[in-house]
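Q: Take this structure, written in structure tokens, and hold onto it; I'll ask about it next.
Each reported figure results from applying straightforward, stated rules to the coordinates on display, with no laboratory input. None of these values were measured; they are calculated from a predicted model. Don't worry about glycine lacking a Cβ; one is built from the backbone with ideal geometry, like all the others, and counts go over all protein chains shown.
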Amino acid sequence: MGNWRRTERKRNRFQMIPNILVVGSGGREHVLVWKIHQSPLVKKIYAAPGNAGIAQLAECVEVNAEDIDSLRRFAAEQKIDLTVVGPEVPLVNGIVDSFEAAGLRIFGPTKAAAQLEGSKAFAKDLMARLGVPTASYETFDRVDQAKHFMVQKKPPFVIKADGLAAGKGVLITNTHKEAVDVVRQIIEKRRFGNSGKRVVIEEHLTGDELSVLLFTDGSSILPLASSQDHKRAYDGDRGPNTGGMGAYCPCPFVSNEELNRIVETTARPVIQELNRRGTPYRGLLYLGLMMTPSGPYVLEYNVRFGDPEAQAVLPRLKTDIVPLMLEVADGALKTKALEWDTRACIAVVMASAGYPGPFEKGHEIEGLDKVNANGVFVFHAGTRKGSSGKVVTDGGRVLAVSALGESLREAHERAYRSIKEIAVSGGFYRSDIGKRVLENMKVG
Ligand code: AMP
Ligand code: GLY
């Protein structure tokens, strides 16, 4: 038996995965494709629909990331050995259930487990039941009840649409009147469509934010290095919330012991409970945390890699990601530790003028070929090949420049030196990614 197991394990470890499909078209998917491309196990990568950067490493197919039936047909026809899902919408809509029912291997949680991101009320109720530290909250589907609740409390209020809202469904209000207006817009005016049938109103927390990503097969947990996103559009954490304007990895204010403690208190109880309910979570789980004076609190769970966290974390990962994803997808995570580059990484996002509000598409991106330093990468997000053959903008977040450096400071300098080479008409980026931690913690 012992011998048989060993042989089996060995065989799995070196199993070829000729065809991989990556679903999505953002910077997160570009870095995933880039990382998968480094695996000696993989022959060919497809991306649906991909972008101009991904097209340099993978064959892009014109299938929308939310068109589950077409994706499944494509995967079956091309005999795809593993599908990796980047964005949350297809996961919440059940792409994993659909693929698995068709006998196709796929990396990501099922629809039931993806409720962790798909419904804030579901996630909050689970946390409350399990004693996971999170802001106190109430859920409402009527404006008058929400109003009555808030009269008894002091602002600021954090108001969240229950369902998916592309990172825009969280609003922080400083007065009662503003809060009631926001609740009315969400529940009655359906500002976020059906995602706003219910709202969660939360206590406002303060502290440093932290992102922790982890692999899990439903019982074993393997955390990745910590990272920090910068959600606001402009320098100094001003302006509207965005999908994320830049990230760095690792966070110098979180030790490995602290990271493990965070996982034990904020992730393990939820993973165990989902398992107990018969809806195990398999995939990548993202913990969005606030490091409050009374310890780490969960702001949200996401059911996929963070964007742009992935562009700061994955360039540091030395371990081949493909066996990891296979083990997770097969519900048998055997890898016990990950190997990391000792260097730090910073990813700075270039966005279109106007983002996260309305923006124009189709502007030429100049200077991409000038970024060629060792350990500096351009991960495309909203880009496509224009009719002139040049790469043009095609989304709010256009690209991220990720730079490795011996220290966070060096990574910061290298990232900014490189992004200055790139010009997008009207494009902007924050000039202070990682700056606060560099100043506060006086780290190299
Ligand atoms: P979420 O999508 O739930 O992570 O919220 C988006 C952003 O809103 C977070 O990254 C925080 O910056 C902020 N946020 C969410 N919940 C709270 C809270 N309870 N207190 C303060 N800020 C919050
Ligand atoms: N960077 C935040 C997110 O991916 O949700």
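Q: Using a 10 angstrom cutoff on alpha carbons, build the Gaussian network for the chain and name the most mobile of M290, M150, M127.
A: Evaluated over the chain, the most mobile residue of the options is M150.
Q: Moving on. Pick from V63, V23, V378 the residue whose mean-square fluctuation is largest in a GNM of the chain, springs joining Cα atoms under 10 Å.
A: Per the Cα network of the chain with a 10 Å cutoff, V63 tops the list.
Q: Could you work out [θ]222 nm for the chain from helices alone, using -39500 (n - 2.57) per DSSP H run of at least four and dividing by all its residues? Round to the nearest 500 deg cm²/dmol.
A: Calculated at 222 nm, the ellipticity per residue is -8500 deg cm²/dmol.
Q: In which sequence would K336, K197, K318 go, from the one with the fewest C-beta neighbours within 10 Å to the one with the most?
A: Fewest to most other Cβ atoms nearby, the residues stand as K336, K318, K197.
Q: Continuing with this model, one more query. Full-extension gain between E188 and R238, please, as 0.36 nm times their residue separation minus the C-alpha to C-alpha distance.
A: This chain segment gains 15.1 nm when fully extended.
Q: Let me ask something else. At a 10 Å Cβ-Cβ cut-off, how would you order C60, C251, fewest neighbours first?
A: C60, C251
Q: Give me the compactness ratio for region 317-444, meaning the Cα radius of gyration over 2.2 N^0.38 Å.
A: 1.25
Q: While we're here: Below 8 Å between Cα atoms, with a sequence gap of 6+, how large is the relative contact order for region 378-444 in percent?
A: Relative contact order, region 378-444: 25 percent.
Q: Which value, in debye to the nearest 20, describes the size of the charge dipole of region 299-390 about its Cα centre when Lys and Arg Cβ atoms bear +1, Asp and Glu Cβ atoms bear -1, and nothing else is charged?
A: 140
Q: How many angstrom lie between the C-alpha centres of region 181-245 and region 345-395?
A: 24
Q: Separate question: Return the lysines within reach of K334: Cα separation strictly under 29 angstrom, same-chain partners fewer than 8 residues apart disregarded; answer none if there are no such residues.
A: Counting by Cα, and skipping residues close in sequence, K334 has these lysines nearby: K10, K35, K43, K44, K79, K111, K318.
Q: Work out how much length D69 to R409 would gain on full extension: take 0.36 nm times their residue separation and subtract the Cα-Cα distance, in nm to one decimal.
A: Result for the pair: 117.8 nm of gain on full extension.
Q: For a protection proxy built on the mean count of beta-carbon atoms within 10 angstrom, sort 141-147, 167-173, 303-309, 392-398 highest first, please.
A: Ranked from most to least packed, the peptides come out as 303-309, 392-398, 167-173, 141-147.
Q: Quickly work out the Q15-to-T319 label distance, labels modelled 7 Å from Cα along the C-beta direction, and quote it in nm with one decimal.
A: 1.8
Q: So how do I20, I45 line up by other beta-carbon neighbours within 10 Å, fewest first?
A: I45, I20
Q: Hey, another quick one. So what's Rg/Rh here for the chain, counting alpha carbon atoms and using the Kirkwood radius for Rh?
A: Looking at the chain, the ratio lands at 0.95.
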